[in-house]
Structure formats: C-alpha cells, structure tokens
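Peer 1: Shown below is the structure under consideration.
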Amino acid sequence: MNATSADPAHGTTPDPGRIVLLTTSHRVAPGLLSWPAWQALRTADRVLCADAAHPQLPYLREAGIRVDEASPAAEELLAACTGGRTVVVVATGEGEPALTDGLARLAGSGRLAMPELELLPASYDLPGARLLDLVQVMDRIRAECPWSSQRTHKGLAKYAIEEAYELVEAIEDGDRDELREELGDVLLQVVFHARIAEEDTEAPFSIDDVAAGIVAKLVHRHPHVFGDATATTPEEVREHWLRTKAVEKQRASVTEGVPLGQPGLALAAKLASRVRTAGLEVPLPRGEGIGYELLALAARAESEGTDPEAALRAAARAYRDAIRKVEG
C-alpha cells in the first residue's frame, strides 16, 4: 500500500490507511474465525479491542496476534491509520456504535481524508443459532424471575394447550405474522419445560436431550432419507413411519398412546384412524344420544380423509360470522 497519494490542490498527502471492523458471533465458539478474518488480523499494523474480557482475545493471542486493549475515539483512530496503516478493531457485542457514529460524523464534514472502512464478519450464525439465545434467555428467566422460577410441569400444562390452539387458529386465519408469533409461543413451552426438567433430582434432562431424542426418532423413521430404503410416494413414507413406530413402541393395543384428554371429535377420529391403519374390524358401539351420533360422524369423516375437529371449527367460525352479521 502506498504511503502517499496525489492531491491536485495540495500536492502529496499521506495515505489515510484502512480500518477493519471485525465482528464475531457469540453463537459460534471463540477462535473459529473465517480465513479472511485471520488474514486481516495477521497483516494489520495494529489490532484493538475495547473489551478486555472479549472471548476472542485468548485465541488471538494464542495465535501470536498482539491485541491492544483500547477504545480510541474516531479522531484517534484516523491518526493511527495515517501513512497507509491498517488497524483492525475487534468489535464488542454492541458493535462499536460510538466509534462508527464518530467516523460517520468526520466523513460527513468533508474536511478530512478518510481511511478505507471495511466491515468484516469473522464468523456467521448457522441456521438455528437463535435457538441458543432462547435457551440462554430461558435459563436466566428461570433463575431470576419470581414467577418463572416457581413454575412446574403441571402448572404450565394448561399454557401448552392454549398456545397450541392459538397456533391452530393462526394457521386457519392465514395470518403469517400471527403464525410466526404463535410458533414462538409453542417453542417457548418446549424450552420452558426442558429447563424445569434440568432441576429434577431423580431423572433430569435438558433441551439437548429433547433435541437428541427427536433427531434420533426422525432419522430412524425416515430410512428412505437416511438409510437404504426407498419411498417415492407419501403413502410409502407413511408405511415406513408406521412400521418403524410399531417396532419402537411394541404396544399391546392400538389404543396405547392415544391421549384421552384431547377434544372429543379428535379423540374419536384418532381411535378410528388406529383401527383402520391396523386393519381391524371393530364395529362402532351403538347407544342412545348425541355422543354416539357424533362418534359415527367422526369415524366417517376420518375414513373420508377429513379432520372432523377442523371441519367443526370451520363451521363454527362461519356461525360466528353469521352471528356478527346479524348483530350489525
């Protein structure tokens, strides 16, 4: 890099140099930096960091890179770059807003030759990285919030049901913003319960155990994706799923695993689905009253590929709209 540059009005002036603002993600293990980041660090004339406890510093120093613990003002940083020097600033978690604002102010004045400014991401978040933030936030809330710290699995159970219903409503409404929010609320229930489970003295488990369990289940039940099996239609996929599930569960009855606490229509349809899938011939019980009529309707809907619970909700929503119309 040339130490000087030509200025037609004033002759030869010093090269203003280069500033590299190096950003890193706290969701990636310290020291795992990109190759351009390591090149910038190794070739810099100075490396600065305002945070003496920055998690990257031990790894940079282990790599033989000298890091000065300093927080220069914009004017000081310009002076450090004068003469074609390169200064790398390892940004803190806040992103150095005071420094960047100061540099923008100086650039806007038009009175100074500004160094080249480069924003260099040294590490990137992987898909799902924000889940780590959720786990950390939940951990702190559990430890410090007077309400959250006292919750139990049983005490939270009703919220899981409520959030699931709100998610279904968002899906049926077709509201994308609401869908995203309700998915977050359902996810919160999972993370909250997993955090509570960590404190169990007899059989503790964590969110990592929960994730590991579902990963293992998904891989095992998708041999056409992760194994040598073949499936080219949704029906074949379902056959794989049911076959591997049957081996896993080893149930004595097709009714095992069907939660009796779910809504009545959904319960009736689920039982009818289990009977049909198993190839059993089980006549519907006969009796007097609307309950047996609803059972027959739910079984018929399931056999025709209709979710009776969703169908009734759709009809009820139409009824609600009719009521509002009459009300004006």
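The values are calculated or read from the model by the stated rules, or taken from the named source; none is laboratory data. Predicted model, so just to flag it, every value in this text is computed and none were measured. Here Cβ is always computed from backbone atoms with ideal geometry, including for glycine, and neighbour counts include all displayed protein chains. Please note that ligands, DNA and RNA were not included when accessible areas were found on the heavy atoms of the full protein model with its side chains. Shrake-Rupley method; radii C 1.70, N 1.55, O 1.52, S 1.80 Å.
Peer 1: Could you tell me which of the residues 123, 148 is modelled with pLDDT of 95 or more, open to solvent by less than 90 Å² (accessible area, probe 1.4 Å) and more than 15 Å from the chain's Cα centre (by Cα)?
Peer 2: Selected residue: 148, the only one of 123, 148 that is modelled with pLDDT of 95 or more, open to solvent by less than 90 Å² (accessible area, probe 1.4 Å) and more than 15 Å from the chain's Cα centre (by Cα).
Peer 1: Given the structure, is residue 31 more than 23 Å from residue 126 (Cβ to Cβ) and either of a type outside the set (D, E, K, R) or modelled with pLDDT of 90 or more (or both)?
Peer 2: No: the conditions fail for residue 31.
Peer 1: OK, next. Take the stretch 131-145 and flag every residue that is closer than 16 Å to residue 198 by Cβ, charged (D, E, K, R) and surrounded by fewer than 14 Cβ atoms within 10 Å (Cβ to Cβ).
Peer 2: Result: 140, 144.
Peer 1: Could you list, in sequence order, the residues of the stretch 69-94 that are of a type in the set (Gly, Ala, Ser) and in a loop (DSSP other than H, G, I, E, B)?
Peer 2: Scanning the stretch 69-94 gives 70, 71, 73, 83, 84, 91, 93.
Peer 1: For the stretch 253-303, which positions are of a type in the set (Asp, Glu), within 40 Å of the chain's Cα centre (by Cα) and not in a loop (DSSP other than H, G, I, E, B)?
Peer 2: Within the stretch 253-303, 302 is the sole residue that qualifies.
Peer 1: Look at the stretch 270-301 and say how many of its residues are at pLDDT 90 or above, open to solvent by less than 50 Å² (accessible area, probe 1.4 Å) and basic (Lys, Arg).
Peer 2: Selection size over the stretch 270-301: 0.
Peer 1: Would you check which residues across the stretch 84-97 are exposed (fewer than 13 other Cβ atoms within 10 Å of the Cβ) and of a type outside the set (D, E, K, R) and list them?
Peer 2: 93, 95, 97
Peer 1: Another question about this same structure. Anything in the stretch 226-246 that is exposed (fewer than 10 other Cβ atoms within 10 Å of the Cβ) and of a type outside the set (D, E, K, R)? List them, or say none.
Peer 2: Hits for the stretch 226-246 are 230, 232, 233, 234.
Peer 1: If residue 257 satisfies all but one of (1) more than 30 Å from residue 132 (Cβ to Cβ); (2) open to solvent by 70 Å² or more (accessible area, probe 1.4 Å); (3) free of Cβ contacts under 8 Å to residues at least 12 places away in the same chain, what's the number of the condition it fails?
Peer 2: If we test residue 257 against (1) more than 30 Å from residue 132 (Cβ to Cβ); (2) open to solvent by 70 Å² or more (accessible area, probe 1.4 Å); (3) free of Cβ contacts under 8 Å to residues at least 12 places away in the same chain, just (2) comes out false.
Peer 1: Among the residues of the stretch 49-69, write down those that are small (Gly, Ala, Ser) and either loosely packed, with under 14 Cβ neighbours inside 10 Å or at pLDDT 95 or above (or both).
Peer 2: Residues satisfying the conditions are 52, 53, 63, 64.
Peer 1: All but one of (1) aromatic (Phe, Trp, Tyr); (2) modelled with pLDDT under 95; (3) open to solvent by less than 80 Å² (accessible area, probe 1.4 Å) hold for residue 192, so report the exception by its number.
Peer 2: Going through the list (1) aromatic (Phe, Trp, Tyr); (2) modelled with pLDDT under 95; (3) open to solvent by less than 80 Å² (accessible area, probe 1.4 Å), residue 192 breaks only (2).
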